[in-house]
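Working notes, structure below.
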Amino acid sequence: MVESTVFQHLETTLQEFLMPLGFEVWPFKVGWYNAVLHSTFYLPYPEDTLAFIVLSAPQMFEKAFKPFLQKKLFKNVKDPIDECVSHYFTVLKQNLKDLNVDIIYDHELQPNRKPKVLVQTAAHVAGAAYYYQRKDVKNDPWGEKKIYGVCIHPRYGGWFAMRGVLIFPDILVPSLQQKDPVDCLSSDNKIIQVLENFNFHWQDWTYRDIIDVEERYSEEQKKYFSTPPKERLPLLEQMVDLKECPSY
C-alpha cells in the first residue's frame with residue numbers, strides 16, 4: 001500500500017509539472033529494460049527500481065521551447081533543444097528536493113561512445129511507443145544493409161521524441177505491472193514501409209505519418225529541425241525578440 005501511494009504521488013507530481021510543457025512521462029522498472037538488452041547497456045540498479053521515460057509531444061515546441069528561448073541568450077547555447085530539456089529537468093529535480101533522482105539524457109554517451117540509455121527500448125518497455133525493429137519483419141528485404149529501428153507513438157506516430165529517463169534509486173516498485181505498447185502497424189508491409197522510410201528517406205518526414213495522427217509538428221517546428229544546426233540562429237531570432245533575451 002505504501003509502495004502504491006508513493007508511486008502514484010510521484011507519477012502525479014511528474015505529470016503535473018511536465019505535461020503542461022508538452023511532455024509525457026511513462027513509468028517502467030529497470031528490470032524490464034535490462035531484461036531485453038545486452039549487459040553492455042544495463043542500467044546499474046536493482047530490477048525493481050522505478051524509472052520514467054520522458055517524451056516530448058509536438059506541442060513541446062510552443063509550450064516549453066519557445067518560452068525557454070525568451071529567457072536565454074541563445075547564441076551561447078550549443079543545442080537549444082537539449083539545453084531546454086535540461087533546464088526543465090533541472091527545475092523538476094529541484095522541486096523533488098526530498099527525493100533522490102538520477103537523470104540520463106537521450107544524447108549522453110558512455111566513455112566507449114555507446115549511449116548511456118537506449119531511449120527507444122525504454123519507451124517500448126514502458127508501453128509508451130512501439131519500437132519496430134528489423135527482427136519484427138517476417139520477409140526481410142534488405143540483405144546486408146544496416147537497418148535501424150524506430151518508435152511509433154499511438155497518438156503522434158513519429159511526430160515525437162524521447163528526451164531521457166528519470167531514475168529513482170530509493171524507490172522500489174515490485175508490484176508495478178508492465179503494459180505492452182500499442183502495436184500500431186497491422187502488417188509486415190507496414191513495418192517494412194516505416195523502417196524503409198526511416199532509414200532511407202527520413203528527411204521527407206513520411207515515416208512519421210505511417211499512421212493517422214492526432215497532431216504533427218508545426219511548419220515552424222519542421223523548418224527548425226530540418227535546418228542544419230549551424231544555420232538555426234536566424235530561425236531562433238525570428239521566433240523570439242533577441243533584444244528581450246537576457247545574457248547569462
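Apart from one condition, Gly158 fits all of (1) more than 21 Å from Val85 (Cβ to Cβ); (2) at pLDDT 95 or above; (3) small (Gly, Ala, Ser); the exception is (1).
Does Val54 qualify as being of a type in the set (A, V, I, L, M, F, W, C), open to solvent by 70 Å² or more (accessible area, probe 1.4 Å) and at pLDDT 95 or above? First the steps, then the outcome.
Numbers: of a type in the set (A, V, I, L, M, F, W, C): yes; open to solvent by 70 Å² or more (accessible area, probe 1.4 Å): no; at pLDDT 95 or above: yes.
So Val54 does not fit the description; no.
Taken over segment 206-240, the criterion of being outside any helix (DSSP H, G or I) and closer than 19 Å to Phe23 by Cα is satisfied by Val213, Glu214, Glu215, Arg216, Tyr217, Ser218. Cβ separations smaller than 9 Å between residues 6+ apart or across chains give the following pairs from segment 50-65 residues that are of a type in the set (D, E, K, R) to residues that are open to solvent by 10 Å² or more (accessible area, probe 1.4 Å) and assigned to a loop (DSSP other than H, G, I, E, B): Glu62/Ser218.
Looking at segment 95-180, the strands (runs of 3 or more DSSP E) lying wholly inside it that each contain 1 or more residues that are among the hydrophobic types (A, V, I, L, M, F, W, C), open to solvent by less than 40 Å² (accessible area, probe 1.4 Å) and without any contact (Cβ under 8 Å) to a residue 40 or more places away in the chain sit at 150-152. Here Leu18 meets each of (1) closer than 21 Å to Gln177 by Cβ; (2) in a helix (DSSP H, G or I); (3) open to solvent by less than 30 Å² (accessible area, probe 1.4 Å); (4) not acidic (Asp, Glu) with one exception, condition (1).
If only residues of segment 21-39 that are touching a residue at least 12 places away in the same chain (Cβ under 8 Å) and over 21 Å from Phe168 (Cα atoms) are counted, the one that is most open to solvent (accessible area, probe 1.4 Å) is Leu21.
Take the conditions modelled with pLDDT of 90 or more and outside any helix (DSSP H, G or I) and apply them to Glu62. Does it pass?
Numbers: modelled with pLDDT of 90 or more: yes; outside any helix (DSSP H, G or I): no.
So Glu62 does not fit the description; no.
For segment 68-93, which residues satisfy the criterion of being part of a loop (DSSP other than H, G, I, E, B), open to solvent by less than 60 Å² (accessible area, probe 1.4 Å) and either at pLDDT 80 or above or not β-branched (Val, Ile, Thr) (or both)? Of everything in segment 68-93, those that are part of a loop (DSSP other than H, G, I, E, B), open to solvent by less than 60 Å² (accessible area, probe 1.4 Å) and either at pLDDT 80 or above or not β-branched (Val, Ile, Thr) (or both) turn out to be Lys72, Leu73, Asp79.
Restricting segment 40-51 to residues that are assigned to a loop (DSSP other than H, G, I, E, B) and aromatic (Phe, Trp, Tyr) leaves a set whose member that is surrounded by the fewest Cβ atoms within 10 Å (Cβ to Cβ) is Tyr42. For segment 181-232, residues that are under 30 Å from Gln8 (Cα atoms) and open to solvent by less than 50 Å² (accessible area, probe 1.4 Å) total 3. Among the residues of segment 112-141, what is the count of those that are under 21 Å from Ser186 (Cβ atoms) and not charged (D, E, K, R)? Number satisfying all stated conditions: 13. For segment 1-48, what are the residues that are among the polar types (S, T, N, Q) and closer than 22 Å to Leu109 by Cα? Result: Asn34, Ser39, Thr40. In segment 100-121, is there at least one residue being among the hydroxyl-bearing types (Ser, Thr, Tyr) and in contact with a Leu (Cβ under 7 Å, 6 or more places away or on another chain)? Scanning segment 100-121 turns up at least one residue that is among the hydroxyl-bearing types (Ser, Thr, Tyr) and in contact with a Leu (Cβ under 7 Å, 6 or more places away or on another chain).
The values are calculated or read from the model by the stated rules, or taken from the named source; none is laboratory data. Treat the numbers as computed from the prediction; the structure is a model and nothing was measured. Glycine also receives a Cβ, built like all others from the backbone with ideal geometry; neighbour counts cover every protein chain displayed. SASA here: full protein model, heavy atoms, side chains in, ligands and nucleic acids out. Shrake-Rupley method; radii C 1.70, N 1.55, O 1.52, S 1.80 Å.
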